[in-house]
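Below is one structure, written out as structure tokens; the observations come after it.
No lab work stands behind these numbers, since they all come straight from the coordinates. Because the structure is a prediction, the values reported are computed rather than measured. Cβ coordinates were reconstructed from backbone atoms using ideal geometry, including for glycine residues, and neighbour counts include every protein chain displayed.
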């Protein structure tokens, strides 16, 4: 990479890290905090967690396409401003309805796809995969840090402190965009403006990747509707959750690396994705039958390995399969699927838990993993025929 490419990759990686750190930090505490502060049930908790993803999903493709036409930086600045406003509203809320409004505004700052497109714009083809892997790894690191920071910060400042953290990280990201991120030149923007969403949505490989990121985040959010409470049932106090998550995530990071090194050179989606899907499926089943703390923690460890592997791998694959002219739209569609998974996992997970029980939620998750694996097998058969 030359200096300009290194700068672009580093800034985008930092932007992802600081935003995701502020967002993910509520996951390990919100289910318990909302029940305590607002007397909220599982359905409301799930909606509050998931509504961020709904607005992200709706706006990713339009904002990605707009950035193809008008440039990346103006869209990034506007999205970050809305995100900061939503974080402040949620932080100052005294009713759960205002928290839901703040989360919806946070989600309206839908710039994830635009950020991924910036990497495609600013780096030569041979370096994009490396940069996307770094960004995916950074997202995984932000997720890991947030699971540690969230419970610790909650002990000192309550739920409001977590939303103010999101506002602070959003402001830090805004400073990076305004003062450090290079703007794309006019000629390059005009080349991008010919891209269309319809071509992206007809691409089978891209849709398989979109399904995979949807499932990855659906299962994450559905899990965190109940995981904090289950840890407490197994005897872990809230103040101990951060250290448990830290150990699990450090372990999952080192266990993930051999998977990345083994499968990163494969040209088949089935080969690259199925190991992680099988691990996630095994972890969901193990959590369902765990009757004590140690098996449950082992299942969480395996889940985090598969989750973090996919977070690091999927953006790289999208960059490789997306055409040059349609990269902004492709990244927007990918990010829409990611955040739609957040919405569906949080809201549907909460509804299932409210209307039935944990067993029903777990069985639904197992069925979804089976469907996911069937789609990968179908895609693998198509790839075999084209070789």
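Can you put 339, 164, 81, 303 in order, fewest other beta carbons within 10 Å first? Don't jump to the answer; show the numbers that get you there.
Working: 339 27, 164 18, 81 14, 303 24.
Lowest to highest Cβ neighbour count: 81, 164, 303, 339.
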Worksheet item: Quick one, which of (1) 1.19; (2) 1.01; (3) 0.93 is the actual Cα Rg over 2.2 N^0.38 Å calculated for this model?
Response: (3)
Response to the item:
Note on the chain: contact order normalised by length, alpha-carbon pairs under 8 Å, 6 or more apart, percent, works out to 32 percent
Item to complete: With a/c under 1.5 counting as rounded, go ahead and sort the range 212-334 into rounded, prolate or oblate using the C-alpha gyration tensor (a ≥ b ≥ c being the square roots of the eigenvalues; past the cut-off, prolate if a/b is larger than b/c, else oblate).
Response: prolate
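Return the calculated 222 nm mean residue ellipticity for the chain, to the nearest 500 deg cm²/dmol, obtained by summing -39500 (n - 2.57) across DSSP H runs with n ≥ 4 and dividing by the residue count. Please report the intermediate quantities before stating the final value.
On the way: 16 runs with 336 residues, N = 387.
The per-residue figure over the chain is -30000 deg cm²/dmol.
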Worksheet entry | Two-site label geometry, residue 367 and residue 1: point separation in nm, points 7 Å out along Cα→Cβ | 4.4 nm
Worksheet item: Fully extended, how many nm does the chain gain between residue 202 and residue 156 (0.36 nm per residue separation, minus their Cα-Cα distance)?
Response: 11.7 nm
Worksheet item: For the chain, modelled as a Gaussian network with Cα springs under 10 Å, which listed residue fluctuates most, 247, 22, 50?
Response: 247
Worksheet, complete the sentence: Checking 213, 375, 89 against a Gaussian network model of the chain (alpha-carbon springs below 10 Å), the top fluctuating residue turns out to be 375
Worksheet entry | Shape call, the range 1-146: gyration tensor on alpha carbons, a/c limit 1.5 | prolate
Worksheet item: Alpha carbon centre of the range 26-94 versus the range 293-351: separation in Å?
Response: 17 Å
Item to complete: Name the shape class, rounded, prolate or oblate, that the alpha-carbon gyration tensor gives for the range 73-168, where a ≥ b ≥ c are the square roots of its eigenvalues, rounded holds for a/c under 1.5, and otherwise prolate holds if a/b is larger than b/c and oblate otherwise.
Response: oblate
Worksheet item: Of 87, 347, 355, which has the largest mean-square fluctuation in a 10 Å C-alpha GNM of the chain?
Response: 355
Practice prompt. May I ask you to sort 268, 128 by Cβ crowding, counting other Cβ atoms within 10 Å and putting the fewest first?
Written response: 268, 128
Discussion item. Need the C-alpha centroid separation for the range 226-250 versus the range 114-177, integer Å.
Written reply: 23 Å
Discussion item. Test of understanding: what is the full-extension gain from residue 292 to residue 94, defined as 0.36 nm times their sequence separation minus their Cα-Cα distance?
Written reply: 67.6 nm
Worksheet item: Arranged by the count of other C-beta atoms within 10 angstrom, fewest first, what order do 203, 68, 121, 39 take?
Response: 39, 203, 121, 68
